[in-house]
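Structure first, then comments.
The values are calculated or read from the model by the stated rules, or taken from the named source; none is laboratory data. These numbers were taken from a predicted model, which means no experiment stands behind them. Heads up, the Cβs are rebuilt from the backbone with ideal geometry, glycines too, and the neighbour counts pull from every protein chain shown.
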Amino acid sequence: MIHGTWGWKGSWWRPGGDFHEFILKEHRPNLYSRGGRFSWSGAYSENQRERAARDFLEWTEDLAPGGLQSVFAHSYGGEIAARARLEGTPIKELVLLSVPVGDRVEAAAGLLPRVVDIRLDFDPVLALARSGQRLPSAPNTTVIFLGWRLGHSASHSAAVWSQEDVARQAGI
């Protein structure tokens, strides 16, 4: 799992965190949950996201040289995953959680066998960032819109996933 801007402060994405445990126990029993988790500065900075993508590529080469089955990425963590994929990180499935849509995310989505895009119908945080809120429709992409919510973090809430049956809808 890759957290977004300022997300390193939270625990939802860490092994033992609520969303990580929910996905691990209910949907992806092979989700990485050992020590040496991936994290980045979380700074709202193009340079920091670029650096984080290189670090994620190296992390993957060290811990999963055969590639990754599923990457769950929130907000600008999705851009980090996209940048890493464009640099050669093998990823089979990218689960985007309220990710800003830009050129890199669109380009990486076209290279992936499967993309699951989980987002709010309208995300005020993405609107403030002046980023795109929709991936173009593609055969490899499943889009799940969460019910009316204003919380940018709703896409990584185990309660929301359960209430809206997100995993079933997304085929996760």
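Things to note:
- Answer from Val105, Val115, Val143 - the residue that is within 21 Å of Ala52 (Cβ to Cβ), at pLDDT 95 or above and in contact with a strand residue (DSSP E or B) (Cβ under 6 Å, 6 or more places away or on another chain): Val115
- Here Tyr44 does not fit the description of being among the aromatic types (Phe, Trp, Tyr), modelled with pLDDT under 95 and over 28 Å from Phe122 (Cβ atoms).
Listed here are the residues, each with its yes/no results for (1) within 17 Å of Asn30 (Cβ to Cβ); (2) small (Gly, Ala, Ser).
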{"position": "Thr60", "(1), (2)": "yes, no"}
{"position": "Pro65", "(1), (2)": "yes, no"}
{"position": "Gln69", "(1), (2)": "yes, no"}
{"position": "Phe72", "(1), (2)": "yes, no"}
{"position": "Gly78", "(1), (2)": "no, yes"}
{"position": "Glu87", "(1), (2)": "no, no"}
{"position": "Pro90", "(1), (2)": "yes, no"}
{"position": "Ser98", "(1), (2)": "no, yes"}
{"position": "Val105", "(1), (2)": "no, no"}
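- Checking Pro15, Pro29 one by one, the residue that is without any contact (Cβ under 8 Å) to a residue 24 or more places away in the chain and closer than 18 Å to Val116 by Cβ is Pro29 and no other.
- The range 89-115, residues that are among the hydrophobic types (A, V, I, L, M, F, W, C) and surrounded by fewer than 18 Cβ atoms within 10 Å (Cβ to Cβ): Ala107, Leu111
- Residue match in the range 41-54 (condition: closer than 22 Å to Gly171 by Cα and under 14 Å from the mean Cα position of the chain (by Cα)): no
- The range 116-146: number of residues that are loosely packed, with under 14 Cβ neighbours inside 10 Å and either assigned to a helix (DSSP H, G or I) or in contact (Cβ under 8 Å) with a residue 40 or more places away in the chain (or both): 3
- The set of residues in the range 118-132 that are under 18 Å from Tyr44 (Cβ atoms) and of a type outside the set (Ser, Thr, Tyr) comprises Asp123, Pro124, Val125, Leu126, Ala127, Leu128, Ala129, Arg130, Gly132.
- In the range 32-55, residue surrounded by the most Cβ atoms within 10 Å (Cβ to Cβ) [restricted to those that are in contact (Cβ under 8 Å) with a residue 24 or more places away in the chain and of a type in the set (Ser, Thr, Tyr)]: Tyr32
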